Amino acid sequence: MSNFCTICGQKLKEDVKYCPNCGSEVVAVKTSKPIPTDTIPKKTFNSLSNLEKSEIKKLNKKIKLHNNQTNIVKGAWYSAGLFLLIIILAYMDLGVVNFHPAIVMISIFLFLISLVVAYMFRSREKKLQSLITGENLLASWTLNRTQKNAYVNYLFEHEKRKNSAIFLVIAVMAVVVFGIFILVIDEGKIAMFLAMIGLLVFLSLFAFGMPWYYKYQNSKNDGVVMIGAKFAYINGYFHNWDFILSGLSKVKIMKSPFYGINLVYYYTDRTLTNSEELFIPANEEDDLEELVRILKARNLKTIKAL
């Protein structure tokens, strides 16, 4: 009989305290074969809290899940470098390349924007990496094919209904506004009518096309779920409520449209306060009460405030 990690199924040597593959604390479980990763709850409650930073870095190299925020950070830094080079060449006035003042001003603006994006997503990158390594991970699991299909189809139907309602409202407003102009103006009625039709076609393509695009993207994603107290990674998308004027407003176990966790967080930006609702599927045999209890305890102030 051999020991296997209850988190990732890695075969373990005797008397090891931490899994060499995922870094989780070893719980003595004897079995004849690895436990399938899509049929067990993979909860790691601060399992890496006793590891040194050097050990975490070693584990980092073994983790296969790619941090999808890293490419955004790199792209932002590359863009900032490019626009900075344009600014430097323009002000050095070497006579090799002559940049129009408008190009220089746009480059300065885009340089500053790139720095802001790099800073913002660098923070997101670090937070996601802390979930991947397990430093701030409360629980994680991987959706099986059935769970992932149910999740993707639910998001598709939800997005389609929402976009249809928004499109209907905007279409009615466009018809009213354009209709008034068409009735009032003496010339250009046909041009105004064609502009209205063009706008409605564009809006319809966006409203009804984007749900299909998101469905395609969600179907390709990894199906990994990682939940921390202040942020979460759900099937390729990173969600974060760990910054000023943001927080968790609701978390509960749900039974439909599938078994899992219903989580609502809010954030504040230039459009004031917004909220995002997540429907996170899980295995029906998993006991999620402990996870919900910890999430509520870690976000007690923000939940009580709403």
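In the set (1) open to solvent by 70 Å² or more (accessible area, probe 1.4 Å); (2) within 20 Å of N136 (Cβ to Cβ); (3) not hydroxyl-bearing (S, T, Y), the condition left unmet by W241 is number (1). Among residues of segment 234-261 that are over 18 Å from V224 (Cβ atoms), those with a beta-carbon under 7 Å from a residue that is open to solvent by 70 Å² or more (accessible area, probe 1.4 Å) and of a type outside the set (D, E) at least six positions away or on a different chain give the pairs S249/S275; S249/L306; V251/K296. Restricting attention to segment 94-132, which residues are open to solvent by 60 Å² or more (accessible area, probe 1.4 Å), over 30 Å from W241 (Cα atoms), of a type outside the set (V, I, T) and assigned to a helix (DSSP H, G or I)? Answer for segment 94-132, where residues must be open to solvent by 60 Å² or more (accessible area, probe 1.4 Å), over 30 Å from W241 (Cα atoms), of a type outside the set (V, I, T) and assigned to a helix (DSSP H, G or I): P101, M105.
Listed here are the residues, each with its yes/no results for (1) hydroxyl-bearing (S, T, Y); (2) crowded, with 18+ Cβ neighbours inside 10 Å; (3) in contact with a Leu (Cβ under 6 Å, 6 or more places away or on another chain).
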position: A139; (1), (2), (3): no, yes, yes
position: S164; (1), (2), (3): yes, no, no
position: I185; (1), (2), (3): no, no, no
position: M210; (1), (2), (3): no, no, no
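Please verify whether K255 is surrounded by 11 or more Cβ atoms within 10 Å (Cβ to Cβ) and of a type in the set (K, R), treating the condition exactly as stated. Here the answer is no, as K255 does not meet what is asked. When you scan segment 258-288, how many residues do you find that are open to solvent by 10 Å² or more (accessible area, probe 1.4 Å), within 25 Å of K126 (Cα to Cα) and part of a strand (DSSP E or B)? The number of residues fulfilling the criteria is 13.
Taking the numbered list (1) assigned to a helix (DSSP H, G or I); (2) at pLDDT below 85; (3) within 21 Å of N240 (Cα to Cα); (4) open to solvent by 20 Å² or more (accessible area, probe 1.4 Å) in turn, E135 passes all entries but (1).
Residues in segment 183-205 that are hydrophobic (A, V, I, L, M, F, W, C) and touching a residue at least 12 places away in the same chain (Cβ under 8 Å): M192, F193, A195, M196, L199, L200, L203.
The values are calculated or read from the model by the stated rules, or taken from the named source; none is laboratory data. All of these numbers come straight from a predicted model, not from anything done at the bench. We place every Cβ from the backbone using ideal geometry, glycine too, and count neighbours over all the protein chains shown. Surface areas here come from the heavy atoms of the whole protein model, side chains and all, with no ligands, DNA or RNA. Shrake-Rupley method; radii C 1.70, N 1.55, O 1.52, S 1.80 Å.
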